[in-house]
1. Given labels modelled 7 Å from the Cα in the Cβ direction, how far is it in nm from Leu284 to Glu242?
2. Tabulate in residue order the Karplus-calculated ³J(HN,Hα) for region 414-420, using 6.51 cos²θ - 1.76 cosθ + 1.60 with θ = phi - 60°, rounded to whole Hz; enter x for Gly and Pro.
3. Considering the zone a paramagnetic label at Ile364 would reach in this model (a point 7 Å from Cα along the Cα-to-Cβ line), which residues of region 384-412 have amide N under 18 Å from it?
4. Calculate, for Asn254 and Gln397, the FRET efficiency according to 1/(1 + (r/R0)^6) with r their C-beta to C-beta distance and R0 22 Å; round to the nearest 0.05.
5. Can you spot the lysines whose alpha carbon is less than 23 Å from Lys56's alpha carbon? Ignore those fewer than 8 places along the same chain.
6. Suppose the chain between Asp235 and Arg420 were pulled fully straight at 0.36 nm per residue; how much longer would it get relative to their current alpha carbon spacing?
7. Along the Cα-to-C-beta direction of Asp53, a point sits 7 Å from the Cα; which residues of region 175-199 have their amide N less than 19 Å from that point?
8. Once both labels are modelled 7 Å past Cα along the beta-carbon direction, what's the Gln277-Thr214 spacing in nm?
Amino acid sequence: MSFATISVIGLGYIGLPTAAAFASKQQNVVGIDINQHAVDTINRGAIHIVEPDLDKVVKTAVEGGFLRASTQPVAADAYLIAVPTPFKGDHEPDMVFVKAAAESIAPVLKKGALVILESTSPVGSTEQMAQWLAELRPDLTFPHQAGETADINVAYCPERVLPGQVMVELIKNDRVIGGMTPVCSARASELYKIFLEGECVVTNSRTAEMCKLTENSFRDVNIAFANELSLICADQGINVWELIRLANRHPRVNILQPGPGVGGHCIAVDPWFIVAQNPEQAQLIRTAREVNDGKPHWVINQVKAAVADCLAETGKRASEITIACFGLAFKPNIDDLRESPAMEIAEMLSAWHSGKTLAVEPNIHQLPKKLVGHCELATTDEALAQADVLVMLVDHQVFKAIPVEQVQQRWIVDTKGVWR
Ligand code: SAJ
């Protein structure tokens, strides 16, 4: 059975590329979002987020009449829900957007439709979503009620694309397909095969939900290991990057890189979903989160020690000292400042420091609101010429290309090993 209309609910970093990928295969796609600005932008053939190559695919799809956006839900043969799943103050997952998405499509659902949840969600969310839909549409049957013969098929199929490489990974990566029944999985696989070059790997919805959380927790735990090593090495007078390079020569060792902390919307969030559901068992996962969340504070203390040293050696007053932070993005070579430990550090440092704080971020043209009045946006050359204390926070390619002889400062806190 083909899908005459595909509707993607949530046109953000995952939903819009997914909608565009289907539309690029000449499918009729309607994207739904509550953000009128996003809808208007997409309908003009433009994009409201930054992701390489997405603009071209969206433009072609909109101009070809295969993709349109709306704030109003439409009847479709397949729905993909890709809305945010943040956590609340106590690290409990907040499913309010998934619930709202289910409520929005319920009135237009028709017999034979497929509903897929893509948002990162705690175990059991897909069954919960099917239940919400069933309560709103008692005239239809759902997999938890009617199994293989249900009117509506429901599956969990997580995205696993890397920001910055979404348009490639969306198509090439294998896709975990977690149907509530084997029929649901078969239909979901059929849908993704429209654009997928990777494999569809079939399981049930609960395993698929846990798989997504596991992937990001695995990375978080491994980064925490590297971050903990960086603290130990600083204490022992050992260069942690050399240490990791040497240890990784072992055929079965592959340590990740330490940094200023872990940022972005995924890795710093998803492990908490496991912890919230399994507080007794998830000791290592919780500790990894705490280690990574604690890293920016450790970096601040390193900078404070460097400033104290600089004051003692130069006899200057604190207000006469300039600190330069290199990088604000949450990882290298992107302009995304969301949940960035580098931003957190620049913010805390500029609030603490009585002198000038410079921020060097070649991927942005104006300072984010939070830093206005506290920091000055500077070029690499200006910062290297003016600053007493250098703080390397993001290993952007342009920073790695700075010739060593241009870096004359004695006080350097290098969280990425660029100036090792
Ligand atoms: N980081 C380190 N050291 C490393 C690697 C990363 O400190 O060795 C830091 C980065 O600087 C950044 C954070 O971790 O602050 C996260 O960056 P990332 O590149 O590891 O991951 P994201 O958040 O951009 O994307 C992740 C990916 N998940 C995995 O690699 C397991 C991606 O495949 C997921 O689709 C995405 O989360 C998501 O949407 O869940």
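Derivation of every value follows stated rules applied to the coordinates shown; laboratory data play no part. Predicted model only: the values in this text are computed from it and were never measured. With ideal geometry, Cβ positions are generated from the backbone for all residues, glycine too; neighbour counts draw on all protein chains shown.
1. With each label placed 7 Å out from Cα toward Cβ, I get 3.0 nm.
2. 10, 7, 10, x, 6, 9, 5
3. 391-399
4. Values: r = 23 Å, r/R0 = 1.03.
My answer for the efficiency is 0.45.
5. In chain and number order, the partners are Lys25, Lys172, Lys193.
6. Details: separation 185, 0.36 × 185 = 66.60 nm, distance 1.61 nm.
Full-extension gain reported as 65.0 nm.
7. Counting backbone N atoms under 19 Å from the label point, the list is 175, 192-199.
8. Once both label points are built, they end up 1.2 nm from each other.
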